[in-house]
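The values are calculated or read from the model by the stated rules, or taken from the named source; none is laboratory data. Quick caveat, the model's predicted, so the values are computed rather than measured. With ideal geometry, Cβ positions are generated from the backbone for all residues, glycine too; neighbour counts draw on all protein chains shown. Ligands, DNA and RNA are excluded from the accessible area calculation, which covers all protein heavy atoms including side chains. Shrake-Rupley method; radii C 1.70, N 1.55, O 1.52, S 1.80 Å.
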Amino acid sequence: MRLDKFLKVSRLIKRRTVANEACDAGRVMINGKPAKASTNVKVGDVIEILFGTKKVKVEVLDIQDTTKQEEAKDLFKYL
């Protein structure tokens, strides 16, 4: 699954366009490397997102095309 779509489905970032912009600005990293929006996400990947001064680090546990809001938190684990 594409990185921008995963960020939206997992509700880490609200909209896919915002996820795209974050990737283009270099604020999203996968396994320690800057990632483009089109980068494929796999189970076990570690994603780091910079929100201004706040840094969010999560590990991908599951990948789904769609999910309900209550189940979105099961797609990743905070590190």
Item to check | Model label zone, GLU70; criterion: amide N under 20 Å from point 7 Å along Cα-to-beta-carbon; scope the stretch 1-43 | outcome: 9-12
Checklist entry - Projected onto the charge dipole of the chain (+1 at Lys/Arg Cβ, -1 at Asp/Glu Cβ, origin at the Cα centre), which of VAL43, VAL18, GLN64 gives the Cα projection farthest towards the positive end? => result VAL18
Item to check | Along the chain, longest interval not containing exposed trypsin sites (Lys or Arg not before Pro), exposed being DSSP loop plus at most 14 other Cβ atoms within 10 Å | outcome: 43-67
Checklist entry - Expressed in nm², what is the orientationally averaged projection area of the convex hull enclosing the Cα positions of the chain? => result 4.5 nm²
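Normalised by the residues of the stretch 1-66, what does the relative contact order come to in percent, with Cα pairs under 8 Å and at least six apart?
On the way: 104 pairs, mean separation 19.7, N = 66.
RCO, the stretch 1-66: 30 percent.
Placing +1 at every Lys and Arg Cβ and -1 at every Asp and Glu Cβ, with all other atoms neutral, what dipole size does the stretch 26-79 have around its Cα centre, in debye to the nearest 20?
Values: 10 positive and 8 negative charges, 79 e Å.
It comes to approximately 380 debye.
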Item to check | Spin-label model distance (nm) - ASP24 vs VAL46, 7 Å beyond Cα toward Cβ | outcome: 2.9 nm
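In a shell of Cβ-Cβ distance under 12 Å around ASN40, excluding ASN40 itself, what net charge do Lys and Arg (+1) and Asp and Glu (-1) give?
Working: positive: ARG2, LYS5, LYS36, LYS42; negative: ASP4, ASP45.
Residues close to ASN40 contribute a combined charge of +2.
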Checklist entry - Ignoring any ligand, DNA or RNA, what whole percent of the accessible area of the chain comes from carbon and sulfur when the probe is 1.4 angstrom? => result 49 percent
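Counting each DSSP H run of 4 or more residues in the chain as -39500 (n - 2.57), what helix-only mean residue ellipticity at 222 nm follows after dividing by all residues, to the nearest 500 deg cm²/dmol?
Details: 2 runs with 16 residues, N = 79.
About -5500 deg cm²/dmol.
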